[in-house]
Structures are given as structure tokens and as C-alpha cells.
Amino acid sequence: MIRAERLTKRYGSRTVVRDLSFTVRPGTVTGFLGPNGAGKSTTLRMVLGLDAPTGGTATVAGRSYAAHPAPLTQVGALLDARSFHPGRTAFHHLMSLAHTHGIPRSRVEHVLGVTGLSDVAGRRVKGFSLGMGQRLGIAAALLGDPAAVVLDEPVNGLDPEGVRWVRTLLKSLAAEGRTVLVSSHLMSEMALTADHLVVIGRGRLLADTTVAQLVRDAGTGSVLVTSPDADRLRTLLPTPARTAEEGPGTLRVTGLDAPAIGRLAAAHGIELHALTPEDASLEQAFMDLTHDSVEYQGAAA
């Protein structure tokens, strides 16, 4: 189990993580989500003992990471897929980690096989692609057969087959009773992989819930509206509604249902060619939840 209790991190006058509490339980895949700058990486670094909290605590199996006599057997982590010596082979990179914990060569060979790297185990990692580097990082995270696994953007750089492999791997780890915490920007993948979500924004907890509940809480979803007078319709929509242009004459409207949009258009003599309700998705629910927590927002072109 991974637990954060009133976790806070400040750098000078800037507070990156604010009084953050959550629990990641065994047997589930927990997605750790938030916009860029939300404090996700800092939180993970505090969980893994790489950054000291300004306040609060972060524990794995009831202890801080540094207090575990053999931490690789308690929590395996991937924070940076390129954190290896470029001159080493994949095999020797893993063996160098194994020696620190008395892990046998057979375990190194096993994780190379699990991650599909057996055939390139003798190659120097400086020639690895980003996807191969990700696989090597995951192999290192699994090396100690840990009770908990923490992965930051594990599918970054992987092809579709690799993405599906990671999805299957995470689910199988959770099915074995392990604690799995994974950070990702791919909402579609989190919708397929995660059982539970912890969402933060500007360092604060925004949601600690299931995927299904977060989507349900998002409400009616969005409505695709096609009209030759879409620009005028946009100006007439009430303040709670938000719009995004999906193409010439087509708007995606959130915060207002299809009947309300139809009545508004009829009242102002606006011709509608299509009015298509769409169920809420995890991506939309996430965008709605974190809308006020986005640090960098682009303007429309």
C-alpha cells in the first residue's frame, strides 16, 4: 500500500504540492492524473524518497522508501526511461541493480523475457529507441519482484502492441495483489487500464474515485452541433456552456444538453443541420474537473 498524508512540498515561496492525502491500495491499478505542472512528478519523487517533503509523509507498506532495508523488493519504479549508463548493455544495466540487493541472474533473465528484451540484452542501451528504453525501465521496476509498482508515463514511445502489452501487464500485476500506481496523459488508455483514479491540480487533490464514478459525475457529456450559423449560435450560448470548434460549422458544446441547445436555436431562428449528444468520456470528465487548474492554456488560433 502507498499512502500520502498531508504531503506538502515548497520550493522557496512556490508551493508545488499542498496538503495532499490519498491511498493506493493493493489489487487495483490506480491512475495518477493531473495537468502539466500539477505536481505529479514531485509527488512521485517524494513517495520514492528522491525529494524530501516540506510537510506530511509518504510511505510504502507503512515505511518511508529509505527505511526499507531492501527497497527494490518493496517498490519498483520507472520515472525516467533514459536513466541508465549508455555504455552498458541492457543485461549489465539490470545486473548492476541486481547486485545491490543480491538478486540472482535468473531474475534478470526473467524480466528481460517478460519485457521482450531477451534478444537485445547484449546491446548497448545508447542505441535503444525510446520504446526499448521504456521496456528496460519497466524491467528494472520489476527486478525485485516488488509488492508495489510506480510507473510514470510507461507507454510513452511505445507502439500500439507495446501499449497493449503495458495495459495487460499492469492489470496482471494488480490481479496478483500488488499495488500499482501509474501516471499518464493518455486518458483513453487510463479508461481501459485504471480501476481507481487520483486526480490533482495545482498540487491539490481534486478527485479520489473510480473511473466510472468520475465519468458519471461529468454529467450529460457533450453535444455536437452542426449549423451554417454556428458562430452566431456560439455567442448566444449561456455562460456555463463551453464550446470547441470541431470543423467548419461544427461545435462541440459541453455544459448544455441537446434539447436546451435546440430550443435556443429555434428561439433565434438558427438553422440546425445536426444535434448529436455524446456520452461523457474520461477525457472530457478530466478536462471538466481540471479546467481551473491548468497552468498553461493556449488561445484559439
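Throughout, read-outs are computed from the coordinates displayed, never taken from laboratory work. These figures come from a predicted structure and were not determined experimentally. Virtual Cβ from ideal backbone geometry, glycine too; neighbours counted across all protein chains shown.
Numbers for the structure displayed
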quantity	calculated
Cα lying deepest toward the dipole's positive end in the range 63-209, options Ala194, Leu142, Thr100, charges on Cβ	Thr100
Neighbourhood charge, 11 Å Cβ-Cβ cut-off, centred on Ala285 and excluding it, Lys, Arg +1 and Asp, Glu -1	-3
Answer label, with semi-axes √(5λ) of the Cα gyration tensor in Å calculated from the coordinates and candidates [x] 43, 22, 16; [y] 31, 27, 17; [z] 45, 23, 17	[x]
Percentage relative contact order, the range 2-211, counting C-alpha pairs under 8 Å, at least six apart	31
Relative contact order (%) - the range 220-279, alpha-carbon pairs under 8 angstrom, separation at least six	52
Set of aspartates and glutamates with alpha-carbon distance to Lys40 below 13 Å, sequence-local pairs under 8 removed	Asp51, Asp152, Glu153
Burial ordering of Met1, Met132, Met46, Met287, fewest other beta-carbon atoms within 10 Å first	Met1, Met287, Met132, Met46
Fewest-first sequence of Tyr11, Tyr65 by Cβ atoms within 10 Å of each Cβ	Tyr11, Tyr65
Loop sites in the range 97-190: GluC sites (Glu not before Pro), DSSP, at most 13 other Cβ within 10 Å	Glu176
Charge tally in the Cβ shell below 14 Å around Leu94, where Lys, Arg are +1 and Asp, Glu are -1, Leu94 excluded	+4
Share of alpha-carbon pairs per 10 Å distance bin for the range 1-99, given as whole %	13, 41, 31, 14, 1
